[in-house]
Amino acid sequence: IFSVAWVKGLQSAGASAACVKHFAGYGAAEGGRDYNSAQISERVLREVYLPPFKAALDAGCKTIMMAFQDLNGIPASLHPLLYKILREEWGFDGVIVSDYNAIVEMVVHGVAENLKEAAYLSIKAGIDIDMMSCAYSEHLEDLVNEGRVDEEVIDKAVVRILKLKQEILREKQKPVKATGQKLALQSALEACVLLKNDSETLPMKGK
């Protein structure tokens, strides 16, 4: 499975954490559009879309990013079934990250009245890290002081994040072998694409 290969490849170098995304059903958005809806039965979700994620987590993937689209009418970022599967059924205790700007987009999409409400919905759902929306930094303290969010919820998220950082810091970056450096150079050279060969730039003449 590609997800397993990616996780092992990324984390085998040490001092790094793979993030598998987007959880889940992101590829089933109608019309292939990122912001669109995905209508997936639970059977198809479990049999088709979830196995690669489970395999990645079983391979040791340390973080997971929630999907951006809605899943059967509920934003995947907040979907209770996905969190139930992830935390309770699979026992994943790693870090959950929001998609880029996904929390503030809940306001744009009419799910939350404002950024503060979006922060409330997201932390209660189980998102540990708010990527780019600034919802957590601006509103979590107020939500705790108002008694709407239990401080223990914040503490648990912080512990997961700090635990991940400690694990990464404890790992030593493994040196890249000479054969690996040669392969990386060869791959980079072969991956280069010249869109237009103006003035017959290619082939390049050696000096």
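The values are calculated or read from the model by the stated rules, or taken from the named source; none is laboratory data. Computed from a prediction, not measured in an experiment: that's the story for all the values here. Positions of Cβ are generated from backbone atoms using ideal geometry, with glycine treated the same way; all protein chains shown enter the neighbour counts. To get the accessible areas, we keep the full protein, side chains included, count just its heavy atoms, and leave off ligands, DNA and RNA. Shrake-Rupley method; radii C 1.70, N 1.55, O 1.52, S 1.80 Å.
What to note about this one:
- Considering the range 6-56, and only residues there that are surrounded by fewer than 13 Cβ atoms within 10 Å (Cβ to Cβ) and at pLDDT 95 or above, the residue that is nearest to the chain's Cα centre (by Cα) turns out to be PRO51.
- Search result, residues across the range 79-104 that are open to solvent by less than 30 Å² (accessible area, probe 1.4 Å) and either among the hydrophobic types (A, V, I, L, M, F, W, C) or assigned to a strand (DSSP E or B) (or both): LEU82, ILE85, LEU86, PHE92, VAL95, ILE96, VAL97, ALA102, ILE103
- Considering only residues in the range 53-78 that are in a helix (DSSP H, G or I) and touching a strand residue (DSSP E or B) at 6+ places or on another chain (Cβ under 8 Å), the one that is nearest to ILE123 (Cα to Cα) turns out to be SER77.
- Of the candidates LEU169, LEU185, LEU195, the single residue that is over 30 Å from MET106 (Cα atoms), loosely packed, with under 10 Cβ neighbours inside 10 Å and at pLDDT 85 or above is LEU169.
- Against the list (1) surrounded by fewer than 13 Cβ atoms within 10 Å (Cβ to Cβ); (2) in contact (Cβ under 8 Å) with a residue 40 or more places away in the chain; (3) assigned to a loop (DSSP other than H, G, I, E, B), the condition ILE127 fails is (1).
- The numbered conditions (1) modelled with pLDDT under 75; (2) open to solvent by 80 Å² or more (accessible area, probe 1.4 Å) are all true for GLU200 except (1).
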